Amino acid sequence: MATQILGILFCVSAAAAAAGTKVYSFNSQNSTSVSSLNAKDGICKSVVEPLGYACQEHTVTTKDGYILSLQRMPSGLSGQAADKPPVLLQHGLIVDGVTWLMSLPDESLAFILADNGYDVWISNGRGTRFSRGHASIDPYDSAYWDWTWDELAAYDLPATFQYVHDQTGQNLHYVGHSQGTLIALAAFSQGKLLNMLRSAVLLCPVAYLNHLTSPFARGVVDLFVPEDLYWLGQHEFSLRGPVVNKLLEDICIMPGIDCSDLLTAITGPNCCLNSSRTKIFLDQSTATKNIIHLAQMVRTGTIAMYDYGNENDNMDHYGQPTPLVYNMTSIPNDLPLFLGYGGKDYLSDVRDVQVLLDNLKDHDGDKLVVQYTDEYAHADFILGVNANQIVYDPAIAFFKIN
């Protein structure tokens with residue numbers, strides 16, 4: 001998962017380099033609006049409104065000063081106001097809220113939920129193009145990038161939950177993909193957000209990464225690529241950076257890694273993608289420190305806070321010589337959870353998902369829905385042309401009973 005979208009984007013980056021500089025766009029109904037995205041126009045004006053849907057831009061400031069962008073779709077194409085509870089959509093790594101709008105409206109979860117009467121809220125994580133503001137720090141300052149997914153769970157998610165709850169006066173449903181599941185599981189295990197939550201749909205759930213099967217992701221971890229970047233002063237992780245690309249080139253010469261098809265090498269053999277929708281160069285940023293944290297998870301097989309590498313620094317941050325562990329067994333047994341995972345996923349590996357399920361073995365039987373799709377890999381859950389029937393319809397049915 002740490003290199004989930006990293007791999008997708010580098011695949012496009014490598015192809016673009018081979019053919020000269022080229023930016024790909026979606027070959028679909030909303031291709032023009034998506035390819036012309038810019039931070040000034042925002043997601044509503046560029047992607048949602050051109051398709052006839054109402055959309056509102058919102059911002060929320062986290063307790064540590066990051067200013068995050070949120071989009072609200074208060075009605076479906078019919079224009080009828082939502083009559084069902086709010087749903088918050090949280091994207092994965094090195095993408096942003098456009099993740100939920102990339103396909104045609106009848107294949108994209110945000111549009112589908114709005115057309116089914118839900119009040120849809122789309123989150124954009126810190127450091128992505130629409131969420132680069134801060135109360136006092138400039139994103140060109142290395143201090144801006146001093147965070148990992150620990151902070152996403154501790155600050156970003158609570159801020160967005162509270163904002164949606166305050167704006168709607170209702171508890172909300174949650175949908176996360178990949179890293180979006182990781183931060184939710186971490187928060188839930190600490191008893192956070194539960195008083196504002198109706199249910200959670202976790203697609204490609206990530207709590208453990210020890211069985212990561214992606215050869216490319218393993219290469220990134222084994223060669224300590226993010227650590228090298230950090231000590232080279234690259235605190236913002238962006239694929240446009242020449243240093244990043246140079247280090248990733250070293251992965252491509254490793255045996256068994258086919259960089260001509262990195263989408264498969266990273267995420268697994270996705271069954272059901274429209275190839276035109278994978279050729280998109282979003283190039284969203286994350287913190288290099290975040291990539292290091294994810295690599296630590298791969299090496300240790302645990303879900304713990306960031307390891308500062310020595311006992312003294314860990315003591316300063318955690319009051320103990322080792323990082324605090326997120327205890328998955330602490331997630332309340334009566335919390336309605338829907339977990340969807342695939343048999344071909346190289347990142348949310350079946351064996352790692354089973355470790356998570358083992359930790360949830362005492363969960364109330366009527367509060368845990370587990371959906372396994374043998375032919376699905378990592379990207380199918382958000383870009384699959386049949387995800388509306390395979391994943392989204394069951395998820396909506398789950399919402400209706402919770």
For Leu247, the lone unmet condition from (1) farther than 30 Å from Gln162 by Cβ; (2) more than 22 Å from the chain's Cα centre (by Cα); (3) surrounded by fewer than 16 Cβ atoms within 10 Å (Cβ to Cβ) is (3)
Where a residue in segment 213-242 is on the phi > 0 side of the Ramachandran plot and its partner, wherever it lies, is open to solvent by less than 10 Å² (accessible area, probe 1.4 Å) and not hydrophobic (A, V, I, L, M, F, W, C), with Cβ under 7 Å and at least six apart:
none
Quick check on segment 177-234: of everything there that is among the aromatic types (Phe, Trp, Tyr) and not in a helix (DSSP H, G or I), which residue is surrounded by the fewest Cβ atoms within 10 Å (Cβ to Cβ)?
Phe224
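What are the residues in segment 47-83 that are polar (S, T, N, Q) and either surrounded by 21 or more Cβ atoms within 10 Å (Cβ to Cβ) or under 13 Å from Ser123 (Cα atoms) (or both), if any?
Applying the first criterion (polar (S, T, N, Q)) to segment 47-83 yields 56, 59, 61-62, 69, 71, 75, 78, 80.
Correct list: Gln56, Thr59, Thr61, Thr62, Ser69, Gln71.
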The residue that is modelled with the lowest pLDDT, considering only those in segment 296-341 that are small (Gly, Ala, Ser) and over 16 Å from Ala207 (Cβ atoms), is Gly309
Subset of segment 301-327 [within 22 Å of Lys361 (Cβ to Cβ) and out of contact with any Ser or Thr (no Cβ under 6 Å at 6 or more places or on another chain)]
Gly301, Thr302, Ile303, Ala304, Val325
Taking the criterion of being open to solvent by 30 Å² or more (accessible area, probe 1.4 Å) and touching a residue at least 12 places away in the same chain (Cβ under 8 Å), would at least one residue in segment 85-100 satisfy it?
no
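Conditions (1) assigned to a loop (DSSP other than H, G, I, E, B); (2) on the phi > 0 side of the Ramachandran plot; (3) under 20 Å from the mean Cα position of the chain (by Cα), marked per residue:
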| residue | (1), (2), (3) |
| --- | --- |
| Val98 | no, no, yes |
| Asp106 | yes, no, no |
| Phe111 | no, no, yes |
| Ala114 | no, no, no |
| Ile122 | no, no, yes |
| Gly127 | yes, yes, yes |
| Ser131 | yes, no, yes |
| Tyr140 | yes, no, no |
Helices (runs of 4 or more DSSP H) wholly inside segment 323-402 that include at least 2 residues being open to solvent by less than 40 Å² (accessible area, probe 1.4 Å), touching a residue at least 12 places away in the same chain (Cβ under 8 Å) and in contact with a Cys (Cβ under 9 Å, 6 or more places away or on another chain):
380-383
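Out of segment 235-244, which residues are outside any loop (DSSP other than H, G, I, E, B) and surrounded by fewer than 17 Cβ atoms within 10 Å (Cβ to Cβ)?
Just the residues of segment 235-244 that are outside any loop (DSSP other than H, G, I, E, B), to begin with: 236-237, 242-244.
Pro242, Val243, listed by residue number.
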Leu152: passes all of (1) under 23 Å from Glu227 (Cβ atoms); (2) open to solvent by 20 Å² or more (accessible area, probe 1.4 Å); (3) not in a loop (DSSP other than H, G, I, E, B) but (2)
Which one is farthest from Thr62 (Cα to Cα), of the residues in segment 111-144 that are surrounded by fewer than 19 Cβ atoms within 10 Å (Cβ to Cβ) and among the aliphatic types (A, V, I, L, M)?
Ala143
Quick check on this structure: which one of Ala265, Ala287 is over 17 Å from the mean Cα position of the chain (by Cα) and either among the small types (Gly, Ala, Ser) or open to solvent by 60 Å² or more (accessible area, probe 1.4 Å) (or both)?
Ala265
Kindly evaluate Glu57 against the criterion of being within 20 Å of Phe130 (Cβ to Cβ), in contact with a strand residue (DSSP E or B) (Cβ under 9 Å, 6 or more places away or on another chain), modelled with pLDDT of 95 or more and not small (Gly, Ala, Ser).
yes
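The values are calculated or read from the model by the stated rules, or taken from the named source; none is laboratory data. Small disclaimer: the values here were computed from a predicted structure and weren't measured. Glycine gets a Cβ as well: all are built from the backbone with ideal geometry, and neighbour counts include every protein chain shown. The area values use the complete protein model at the heavy-atom level, side chains included, leaving out ligands, DNA and RNA. Shrake-Rupley method; radii C 1.70, N 1.55, O 1.52, S 1.80 Å.
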